[in-house]
Amino acid sequence: MNPAALLEVEHLTMRFGGLVAVDDVSFSVAQGAIHALIGPNGAGKTTVFNCLTGFYKPSVGRITLNSPESQATFLLEQMDDFRIVRDARVVRTFQNIRTFPKMSVLENLMVAQHNHLMRASGWTFLGLIGAPSFLDAEAASVERAEYWIDRTGLAEYADSEAGALPYGEQRRLEIARAMCCDPVLLCLDEPAAGLNPSETEQLSELIGYIRDHHHISVLLIEHDMSMVMGVSDHIVVLDYGQKIAEGTPEEVRNDPAVVQAYLGSDDDDDADAST
Amino acid sequence: MRPPFAAPLLRDAVLVAGIAGVLAFPFVGLLLTTQGTAPTLSTRFPEFAGAVVLIFFGRLGISAARRGHSLFPIVLGVAMATVGAFSLLFETAGMAADSAAPWHAFVPGTFLATVASAGGVAIVVVAGRNYLLGDSEPVARKPLPMKQLLLWTGVALAGVAIVLPLLPAVDRRLIDVATLVLTYVMLGWGLNIVVGLAGLLDLGYVAFYAVGAYSYALLSVTFGWSFWVCLPLAGALAALFGILLGFPVLRLRGDYLAIVTLGFGEMIRIILLNWYDFTNGPDGISNIGRPSFFGFQFASKPAEGTESFHTLFGIAYDPVHRLIFLYYLILALALLTNAFTLRIRRLPVGRAWEALREDEIACRSLGVNPRNTKLSAFAIGAMFAGFAGSFFATRQGFVSPESFTFIESAILVAIVVLGGMGSQIGVAVAAIILVGLPEYFRELQEYRMLAFGMGMVLIMLWRPGGLLTHREPTIRTRPQPASP
């Protein structure tokens, strides 16, 4: 066991009936680093995410989060999804965008600070009478939201409906919203899907910024290999639910098992890989 | 000159008139009457022909107007309206009563004449707009400043509501109807929290109304407690029921939730009907305490040693005082509901309700506890229904399960949907349309359901999101300081 690790995934297995979507996968995520989870379609990447964030209860395995601030340890596999966000502060985004389309961008970011604001509003009672302590907390939350709105380049959309935003902006809104939950681990499920190269470039910068300036670990699922290789500190490769390789981008790129998983083992395909 | 659009338009109009003819023949063309004992089949071919011809010209005018033509539909519309108006005049002048006259068969009946005039006017209006705007594309209109508009509409509506009983032209009947409408406005606003904000389609809302009414009735009759003591208790009990009924449906959404809540609504009514020892079953509870003006009764002869409302103010006794007091009572309760909703929308819990309506999975991924959020919406919505129920009980002085049938829930959901989910003013306007107008035109009772259905179809066609769909964000960014 690595004492410096933020997240430890041990022997994670997820079965759906007879199908083993994730089979005995173990890996760890270091504090303040960007980790990527890659693999061909159907390799079980999103299932791992769903187990991490409580949307699925794993069949076997243990997922430990060592909170860097409070020294507390959370066993994520035993927690409800919203408790994982609230207490362990592991926050995810979705492969298919899930904003609140009829609400404004700012409102989306305020919902992300719900638990904090609920406490500040005295479970609504202080809020109803407009207590100064609540108004202060609300102003602070707006300020935090505006910080992330600026960071993600959404300033001109701040008060417009989230559903009316262009696709790339909605993706960035999801990241801004996740950051407003004050995470210790940010899980991004294919954040670059559907983005053009320059938007992908911006996204890589944003993810790097989150790591460097907020010291937040990022776990990333992504198909865009140039982005993954450029931004990640560490890569885990899954295929058919099993971990087939792990290491730095350089190690993974040259791993024969990875090349085989992605490109097949035929001679013709090897010829393709060399081009 | 023969306009080039004639052929497709004519074909379309003939087709529509043909369909109408097939549909109308058995209903309009044939008439089954009983003469003596034997049913006889008589025919009404002139009426039938009149209806088909009317549909032909109406369709022709409407399609021409909608394709942007102006002159032809205006002429047609004016002609239709004139024919319709003359026929109506004919009827009212009593000339048509002379059924022996040979031309009688060719005068359309009142209904056809009314439809012809109204349709003609409608065609002229649509075509006239084309004429005024010219043939150009619809101009991109400047968006209305909705926020100010809604604010002032709300203020104006509230102002009218406050001065209404003081107007000289207002009689008891209007106050009664207005009180009923305000009850539905309040219930609509309460349901708006559950359906409009939290997106939980509750078809059993009337159950909480019933809980509130029976709570007040039983507390008042059993313990003799006053309205002002029972009101919060009734609200609290209804909220408790909201939580109790909310627990089992936490995992349901959409249609499934609607069906289960519908069942709960009926369960409450059936329990009230059958638990005779407690609720007095179908006989209901009577002699419920009337509300007092802060302890002063509305009675012509006050009990010994007490003062009555009219002696307190030194005015003559008038039974309308109580009606006006009840009116202001429900107005105050409704405005309280409105103020509460507007406020809580801007609090974290209100935003969480709306977020839950938008996407429950995303809510979970942001740490919002869906159970607590849903239950709080159910509880608060039910609380306002409980208040309204207490008011209902004290106004009627009598409650029985008959007042809490499914149709009440259906009307309330219709009010919220028609008004525009989540829109407070929309709900008020919809309540006036759906409850006030039918009540005021009781003479036309047979046509009420017809008008109801027609209104719903029109709303679905033109404003599928409800009358008012504008949504103002609950919070805005601070204006950026102007850069130097």
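So the values come out like this:
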| item | result |
| --- | --- |
| Filter result (part of a helix (DSSP H, G or I) and surrounded by 24 or more Cβ atoms within 10 Å (Cβ to Cβ)) within segment A:108-128 | A:N108, A:L109, A:M110, A:V111, A:H114, A:G127 |
| Residues satisfying the stated conditions in segment A:112-134, i.e. within 20 Å of B:A339 (Cβ to Cβ) and either out of contact with any helix residue (DSSP H, G or I) (no Cβ under 6 Å at 6 or more places or on another chain) or not small (G, A, S) (or both) | A:G122, A:W123, A:T124, A:F125, A:L126, A:L128, A:I129, A:G130, A:A131, A:F134 |
| Any hit, segment B:296-316, residues being closer than 21 Å to B:S390 by Cα, at pLDDT 90 or above and surrounded by 11 or more Cβ atoms within 10 Å (Cβ to Cβ) | no |
| Qualifying positions in segment A:150-169 - farther than 11 Å from A:N108 by Cα and not small (G, A, S) | A:D150, A:R151, A:T152, A:L154, A:E156, A:Y157, A:L165, A:P166, A:Y167, A:E169 |
| Matching residues, segment A:96-106, being assigned to a loop (DSSP other than H, G, I, E, B) and either within 7 Å of chain B (Cβ to nearest Cβ) or touching a residue at least 12 places away in the same chain (Cβ under 8 Å) (or both) | A:I97, A:R98, A:T99, A:F100, A:P101, A:K102, A:M103 |
| Test: A:T124 is under 16 Å from B:D359 (Cα atoms) and hydroxyl-bearing (S, T, Y) | no |
| Residues within segment A:205-229 that are free of Cβ contacts under 8 Å to residues at least 60 places away in the same chain and either under 15 Å from A:G32 (Cα atoms) or of a type in the set (S, T, Y) (or both), tallied | 7 |
| Output for segment B:1-53, where each listed residue is closer than 23 Å to B:F72 by Cβ and touching a residue at least 40 places away in the same chain (Cβ under 8 Å) | B:P3, B:F5, B:L9, B:L10, B:D12, B:A13, B:V14, B:V16, B:A17, B:G50, B:A51 |
| Qualifying residue in segment B:386-396 (condition: more than 14 Å from every other protein chain (Cβ to nearest Cβ), touching a residue at least 12 places away in the same chain (Cβ under 8 Å) and of a type in the set (V, I, T)) | yes |
| Strands (runs of 3 or more DSSP E) contained entirely in segment A:15-95, each with at least 1 residues that are within 14 Å of chain B (Cβ to nearest Cβ) and under 15 Å from the mean Cα position of the chain (by Cα) | A:90-92 |
| Output for segment A:121-139, where each listed residue is among the hydroxyl-bearing types (S, T, Y) and on the phi < 0 side of the Ramachandran plot | A:S121, A:S133 |
| Subset of segment B:326-345 that is crowded, with 17+ Cβ neighbours inside 10 Å and at the interface with another protein chain (Cβ under 9 Å from one of its Cβ atoms) - its residue that is farthest from A:H116 (Cα to Cα) | B:F340 |
| Verdict on A:E156 being acidic (D, E), in a helix (DSSP H, G or I) and at the interface with chain B (Cβ under 9 Å from one of its Cβ atoms) | no |
| Odd one out for B:N192 among (1) touching a residue at least 12 places away in the same chain (Cβ under 8 Å); (2) over 30 Å from B:V429 (Cα atoms); (3) polar (S, T, N, Q) | (2) |
| Any hit, segment B:348-371, residues being modelled with pLDDT under 95, farther than 14 Å from A:E107 by Cα, under 28 Å from the mean Cα position of the chain (by Cα) and more than 9 Å from chain A (Cβ to nearest Cβ) | no |
| Candidates A:E161, A:E190, A:E174, filtered to the one that is away from chain B (no Cβ under 14 Å) and modelled with pLDDT of 90 or more | A:E190 |
| Among residues of segment A:116-137, those that are in contact (Cβ under 8 Å) with a residue 24 or more places away in the chain and facing chain B (nearest Cβ under 8 Å), counted | 1 |
| Test result for B:L323, at pLDDT below 95, within 12 Å of chain A (Cβ to nearest Cβ) and in a helix (DSSP H, G or I) | no |
| Breaking point among (1) free of Cβ contacts under 8 Å to residues at least 60 places away in the same chain; (2) of a type outside the set (V, I, T); (3) in contact with a Pro (Cβ under 7 Å, 6 or more places away or on another chain), for A:A162 | (1) |
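Here's the yes/no breakdown for (1) assigned to a loop (DSSP other than H, G, I, E, B); (2) at pLDDT below 75; (3) under 24 Å from B:G61 (Cβ atoms):
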{"residue": "B:R2", "(1), (2), (3)": "yes, yes, yes"}
{"residue": "B:L10", "(1), (2), (3)": "no, no, yes"}
{"residue": "B:G18", "(1), (2), (3)": "no, no, yes"}
{"residue": "B:L23", "(1), (2), (3)": "no, no, yes"}
{"residue": "B:P26", "(1), (2), (3)": "no, no, no"}
{"residue": "B:L31", "(1), (2), (3)": "no, no, no"}
{"residue": "B:T34", "(1), (2), (3)": "no, no, no"}
{"residue": "B:P39", "(1), (2), (3)": "no, no, no"}
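The values are calculated or read from the model by the stated rules, or taken from the named source; none is laboratory data. On a predicted model such as this, the values are computed, not experimentally measured, just so you know. With ideal geometry, Cβ positions are generated from the backbone for all residues, glycine too; neighbour counts draw on all protein chains shown.
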